[in-house]
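Contents: one structure, followed by commentary.
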Amino acid sequence: MAEPDATEIEARVRAIAAELAPLEGPLLPILHAVQAACGHVPAAALPVIADVLNLSRAEVYGVMSFYHDFRAEPAGRKVLKICRAEACQAMGADAVAARALAALGVDWHGTTADGAVTLEPVYCLGLCACAPAAMIDGRVVGRVDDARLDALIDEVLA
Amino acid sequence: MTLRIYVPGDAAARALGADEVAQAVRAEAARRGVTVTLIRNGTRGMVWLEPLVEVETAAGRTAFGPVRAADVPALFDAGFGDHALALGPVEDIPFFARQTRLTFARCGLTDPLSLEDYRAHGGLDGLRAALPMAPGEIVQTVTESGLRGRGGAGFPTGLKWKTVSEAEGPRKYIICNADEGDSGTFADRMLMEGDPFALIEGMVIAGLAVGATRGYVYLRSEYPDAIRVMHAAVDIARRAGILGAHVLGTGPAFDMEIRVGAGAYVCGEETSLLNSLEGKRGVVRAKPPLPAHQGFLGRPTVVNNVISLASVPVILARGAQHYAGFGLGRSRGTIPVQIAGNVKHGGLFEAGFGMTLGALVDDIAGGTATGRPVKAVQVGGPLGAYFPREKFDTPFGYEEFDGAGGLIGHAGIVVFDDQADMLKQARFAMEFCAIESCGKCTPCRIGAVRGVETVDRIAAGDTAAIGLLTELCDTMRDGSLCALGGFTPYPVMSALTHFPEDFTAPRKEAAE
Ligand SMILES: Cc1cc2nc3c(=O)[nH]c(=O)nc-3n(C[C@H](O)[C@H](O)[C@H](O)COP(=O)(O)O)c2cc1C
Ligand code: SF4
Ligand code: FES
């Protein structure tokens, strides 16, 4: 997919922001919607959102950068999240994470060179009774052992 | 004859293959020309048996589990009778039979998005009871039930509602805290996915009680399934007139919206949540002012956890005394304990307060999944203490856990076997605090980073650093604005106090 140019981004973002602006506390819904539409929150979106909401660009940037979910750069074609929290640790999540990092050759938050997948840590998916847990583009996976992880890696690299 | 088959749509069941099982059931039924009504119910909470398939019989619902898609043809062959995976009547499974299901009475039983099912199983009874009552009477009922906040702090819900009901404001809000960030907890998720109308009903009742007309559910982004179900449930409730200009046709106005968080643990703290909902950075606010006086957009606001709110309908339906009849000391009613980590029988166990930690771990959970001895149990999420076996006689109760040097929090218990390294767990507690700190106070923001470094020094053999770690914990406890910085010392110090050998023994490898 070719990167849309700045005017196109501006038009899309302005439409999203204008639609959601009447909400009480519209900024997070707008950032979520922009990220859903563009895959990330492009720098060009910030002044547009600021303009629609009558905020400074710095304020919008400050909010966006506070939250782990919002990304300034596009992610890989798939996003693999691996839970690193305690209940998963108790079931071997550290080993699962190490295996994933090695297989993909990236660090946390990193994207493989071919742009196939971004690896993210997550702190609890609410799947703590079937740990270790992972999520691939919103699909949940429980009891991730070596075999399940390898299948997930094959899937994201396919 | 139509077969009624239940395959949970809950995220934990799906994570274990429930969608594939549901698909196999449809395919097999089609292949055999059997008519099947397939219902994607919530989970009963016996996660080690998921996907748990139920079939309606003359004698009630019988269960099979854990079912893989490949097992489905054989289940049809057996006529959903005698089969190696047969578990008998689902409600007779000991883990389930020993519970007192009040808040989770319908979860797993019904089709989560069927209002008809909801009504048929006691849904809306609480709201109908509340509608003719004066607001003060509703508050009084909740007060008398003894309900305390299930989000962690255990603050009396009735008292919070009273404060908001007496506060003046042009508009008041009911905000449901569905940020559920604690590791080892999933009760909120399970309820929202399995019985979403119960939460909606609880929020409407709260609105009637305090004079609020608008509600928000702040739901964490890590729960896509719960987000989808809650959105759908709110739409259905609005179309059915449970929400809108006149609640149930005759009441005052109340409407609500679902808002999605953005991956910040600290946004579970109520004032940080309010800032986030307003579209700001999720930085913690100093109190006072209390959210009850100046909350969302500066207006009087109730902030309650999912389970607190979802427990309200049954309290109104059956009376304060019924609810208060369960429990121990000042902890009244039931608590949905979430059993997680290295356990044989993981899942949700709702029971009156008073069960001991040991009974839950050894008896209900059946010990560890690995079959090795239990070393430690972390109770109450990442800010909760690690309990050694010597403290397993502690009964579930707010005061009782406090007295034992811990906290209940949102009632998650995470079990570790004897291979756990408690220094590593202490290091993680500091690391997590450093990652998630909102940055407002130095003891938390800087202290947690120093904490990781100090644990690494101990790991490298510098036992003198143990005293430093203790002092650092004191500073964090005394100098932090909220419980993220203030309670991180619980897991750290409990690990150090109860498992000192993990901090002094020579280590095989240096800490990563
Ligand atoms: C760091 C931190 C995280 C919290 N996370 C949650 C949470 O995810 N869900 C929740 O209900 N309460 C959470 N709380 C507690 C809330 O601040 C608040 O006490 C609660 O939402 C009030 O509702 P309740 O009285 O019904 O428990 C958290 C507190 C702190 C300090
Ligand atoms: S203790 Fe930490 S998270 Fe809490 S207000 Fe202070 S800096 Fe923020
Ligand atoms: S701790 Fe990993 S899913 Fe909860």
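The values are calculated or read from the model by the stated rules, or taken from the named source; none is laboratory data. The structure presented is a predicted model; accordingly, all values stated were derived computationally and were not measured. Here the Cβ is made from the backbone with ideal geometry for all residues, glycine too, and neighbour counts use every protein chain on show. Side chains included, ligands, DNA and RNA excluded: accessible areas come from the protein's heavy atoms. Shrake-Rupley method; radii C 1.70, N 1.55, O 1.52, S 1.80 Å.
Within segment B:369-384, is there a residue that is open to solvent by 10 Å² or more (accessible area, probe 1.4 Å), basic (Lys, Arg), in the same structural domain as residue B:194 (by the TED database) and at pLDDT 95 or above?
Within segment B:369-384, the subset open to solvent by 10 Å² or more (accessible area, probe 1.4 Å) is B:369-375, B:383.
Add one more test, that the residue is basic (Lys, Arg), and what stays is B:372, B:375.
Next, from what is left, pick out any that are in the same structural domain as residue B:194 (by the TED database): none.
Within segment B:369-384, none of the residues are open to solvent by 10 Å² or more (accessible area, probe 1.4 Å), basic (Lys, Arg), in the same structural domain as residue B:194 (by the TED database) and at pLDDT 95 or above.
Checked against the criterion of being more than 27 Å from residue B:331 (Cβ to Cβ), away from ligand 3 (no atom under 16 Å from the Cβ) and loosely packed, with under 15 Cβ neighbours inside 10 Å, the candidates B:137, B:116 yield just one match: B:116.
Taken together, the criteria place residue A:65 among residues that are under 20 Å from the mean Cα position of the chain (by Cα), among the hydroxyl-bearing types (Ser, Thr, Tyr) and either open to solvent by 30 Å² or more (accessible area, probe 1.4 Å) or within 20 Å of residue B:221 (Cα to Cα) (or both). For the structure I just gave you, tell me whether residue A:80 is outside any helix (DSSP H, G or I) and within 16 Å of ligand 3 (Cβ to nearest atom). Here the answer is yes, as residue A:80 does meet what is asked.
Take residues that are surrounded by 23 or more Cβ atoms within 10 Å (Cβ to Cβ), more than 16 Å from ligand 3 (Cβ to nearest atom) and touching a residue at least 40 places away in the same chain (Cβ under 8 Å) and tell me which of the helices (runs of 4 or more DSSP H) falling wholly in segment B:387-459 contain 1 or more. If you could, list the steps in order and put the result at the bottom.
Values: elements: B:398-403, B:422-436, B:442-459.
So the answer is B:422-436, B:442-459.
Test residue B:455 against the stated conditions and say whether it is farther than 20 Å from residue B:494 by Cβ and hydrophobic (A, V, I, L, M, F, W, C). So residue B:455 does not fit the description; no.
Answer yes or no as to whether residue B:348 is on the phi < 0 side of the Ramachandran plot and assigned to a strand (DSSP E or B). Talk me through it step by step, then tell me what you get.
Numbers: on the phi < 0 side of the Ramachandran plot: yes; assigned to a strand (DSSP E or B): yes.
For residue B:348, the condition - on the phi < 0 side of the Ramachandran plot and assigned to a strand (DSSP E or B) - is met.
Table: residues versus (1) within 7 Å of chain A (Cβ to nearest Cβ); (2) modelled with pLDDT of 95 or more; (3) more than 15 Å from ligand 2 (Cβ to nearest atom).
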site: B:270; (1), (2), (3): no, yes, no
site: B:274; (1), (2), (3): no, yes, no
site: B:282; (1), (2), (3): yes, yes, no
site: B:289; (1), (2), (3): no, yes, yes
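Rundown of residues vs (1) out of contact with any strand residue (DSSP E or B) (no Cβ under 6 Å at 6 or more places or on another chain); (2) hydrophobic (A, V, I, L, M, F, W, C); (3) more than 12 Å from chain A (Cβ to nearest Cβ), yes/no style:
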residue	(1), (2), (3)
B:364	no, yes, yes
B:372	no, no, no
B:392	yes, yes, yes
B:420	no, yes, no
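Would you confirm whether or not segment B:232-251 contains a residue that is within 13 Å of chain A (Cβ to nearest Cβ), more than 16 Å from ligand 3 (Cβ to nearest atom), at pLDDT 95 or above and open to solvent by 10 Å² or more (accessible area, probe 1.4 Å)?
Step one: filter segment B:232-251 for residues within 13 Å of chain A (Cβ to nearest Cβ), giving none.
Checked segment B:232-251: no residue is within 13 Å of chain A (Cβ to nearest Cβ), more than 16 Å from ligand 3 (Cβ to nearest atom), at pLDDT 95 or above and open to solvent by 10 Å² or more (accessible area, probe 1.4 Å).
Looking only at residues in segment B:15-46 that are closer than 12 Å to residue B:67 by Cα and within 14 Å of chain A (Cβ to nearest Cβ), the one that is most open to solvent (accessible area, probe 1.4 Å) is B:20. Note on segment B:26-46: residues that are without any contact (Cβ under 8 Å) to a residue 60 or more places away in the chain and either touching a strand residue (DSSP E or B) at 6+ places or on another chain (Cβ under 6 Å) or among the basic types (Lys, Arg) (or both) amount to 7.
Which of the residues spanning segment B:168-188 are closer than 16 Å to residue B:282 by Cβ and either within 16 Å of ligand 2 (Cβ to nearest atom) or of a type outside the set (D, E, K, R) (or both)?
Residues of segment B:168-188 that are closer than 16 Å to residue B:282 by Cβ, as a first pass: B:175, B:177-181.
Those that are closer than 16 Å to residue B:282 by Cβ and either within 16 Å of ligand 2 (Cβ to nearest atom) or of a type outside the set (D, E, K, R) (or both): B:175, B:177, B:178, B:179, B:181.
Out of the residues in segment A:103-158 meeting the condition of being more than 16 Å from ligand 1 (Cβ to nearest atom), small (Gly, Ala, Ser) and within 13 Å of chain B (Cβ to nearest Cβ), tell me which one is most open to solvent (accessible area, probe 1.4 Å). Step by step, filter segment A:103-158, then rank; the result is A:151.
Taking first residues from segment A:139-158 that are of a type in the set (Gly, Ala, Ser) and partners that are in a helix (DSSP H, G or I) and surrounded by 13 or more Cβ atoms within 10 Å (Cβ to Cβ), the Cβ contacts under 8 Å between residues at least 6 apart in sequence or on separate chains come to A:142/A:130; A:142/B:12; A:142/B:15.
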